[in-house]
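The values are calculated or read from the model by the stated rules, or taken from the named source; none is laboratory data. None of these values were measured; they are calculated from a predicted model. Positions of Cβ are generated from backbone atoms using ideal geometry, with glycine treated the same way; all protein chains shown enter the neighbour counts. Only protein heavy atoms, including side chains, enter the accessible area calculation; ligands, DNA and RNA are left aside. Shrake-Rupley method; radii C 1.70, N 1.55, O 1.52, S 1.80 Å.
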Amino acid sequence: MPMRHCTCGAQADVRREHRRGPDGHEQVVYRVVCPVCGQVGPAIVASGGDDQAAIARAIEAWDAMIARIHPLADP
């Protein structure tokens, strides 16, 4: 399934980041970010090292967010 374009019309990118969790351990987080306007999708934690599933969930979260912001846009 293709990822929706940003509300500005640009193709967004999936980014991998590292952050400290509430327990102090480092977490791998995936999120979709627009390189043009800087809009950022929800952070999805890659639990158990399942990166592909986390990337898919990050894209799904981005698509849902864009659909709420711009409901008439083509998927």
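Might you let me know whether the stretch 52-71 holds any residue that is in contact (Cβ under 8 Å) with a residue 40 or more places away in the chain, of a type in the set (Gly, Ala, Ser) and touching a Phe, Trp or Tyr at 6+ places or on another chain (Cβ under 9 Å)?
The answer is yes, given that some residue of the stretch 52-71 is in contact (Cβ under 8 Å) with a residue 40 or more places away in the chain, of a type in the set (Gly, Ala, Ser) and touching a Phe, Trp or Tyr at 6+ places or on another chain (Cβ under 9 Å).
Kindly list, by first and then second residue, each pair from a residue in the stretch 1-29 that is closer than 20 Å to GLY49 by Cα to a residue that is surrounded by 11 or more Cβ atoms within 10 Å (Cβ to Cβ) and hydroxyl-bearing (Ser, Thr, Tyr), limited to pairs with Cβ atoms under 8 Å and residues at least 6 apart or on different chains.
So the pair list comes out as VAL14/TYR30; ARG15/TYR30; ARG16/TYR30; GLU17/TYR30.
Of all residues in the stretch 18-75, how many are open to solvent by less than 70 Å² (accessible area, probe 1.4 Å), in a strand (DSSP E or B) and of a type in the set (D, E, K, R)?
1
Got a sec? Which of GLY9, GLY41 is on the phi > 0 side of the Ramachandran plot, at pLDDT 90 or above and not hydrophobic (A, V, I, L, M, F, W, C)?
GLY9
For the structure I just gave you, tell me whether VAL28 is at pLDDT 95 or above and of a type in the set (A, V, I, L, M). Step through it out loud before you land on a result.
Values: at pLDDT 95 or above: no; of a type in the set (A, V, I, L, M): yes.
No; evaluated as a whole, the condition is false for this residue.
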